[in-house]
Amino acid sequence: MVKNCANPKCAKPLHYLREGRIFVFDAESDSGKPIHRMEHYWLCGECSKTMRLEKTGQGVRTVLKASLSVHKTVGAISQPLAS
Ligand SMILES: [Zn+2]
C-alpha cells in the first residue's frame, strides 16, 4: 500500500488519505504483459496542488499542472494567415 508521496523530492509520509490525491494505474509485469492488478500512488496536499501523476513505459512520473495549461493555451492560439 502507499506509504509516501509519489513525488521523490517530497516523499512526505502518508497519514491521512483525505489529504492530497490518490492515482490508480494498471500494473504491468516486467515482460510488459498486463496483469490484473492496480497500483496506487498518492500525492500529498501540497504536491497535488501543482502536480499530477502520469504512467509511462518507465514507470510513474510527476507532471506539473502549470506546464500542461500553458501548452493548452499556446495550442489554442491560431496564427492569422499572411496575405
Ligand atoms: Zn508531496
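Quick notes on this one:
- Only one entry in 22, 35 is within 16 Å of the ligand (Cβ to nearest atom), in a strand (DSSP E or B), of a type in the set (Val, Ile, Thr) and free of Cβ contacts under 8 Å to residues at least 24 places away in the same chain, namely 22.
- In the range 25-57, of all residues being loosely packed, with under 13 Cβ neighbours inside 10 Å and among the polar types (S, T, N, Q), the one that is modelled with the highest pLDDT corresponds to 56.
- Subset tally (residues that are surrounded by 15 or more Cβ atoms within 10 Å (Cβ to Cβ) and touching a His at 6+ places or on another chain (Cβ under 9 Å)) for the range 14-24: 1
The values are calculated or read from the model by the stated rules, or taken from the named source; none is laboratory data. This is a predicted model, so every value here is computed, not measured. In this analysis, Cβ positions are derived from the backbone assuming ideal geometry, glycine residues included, and neighbour counts consider all displayed protein chains.
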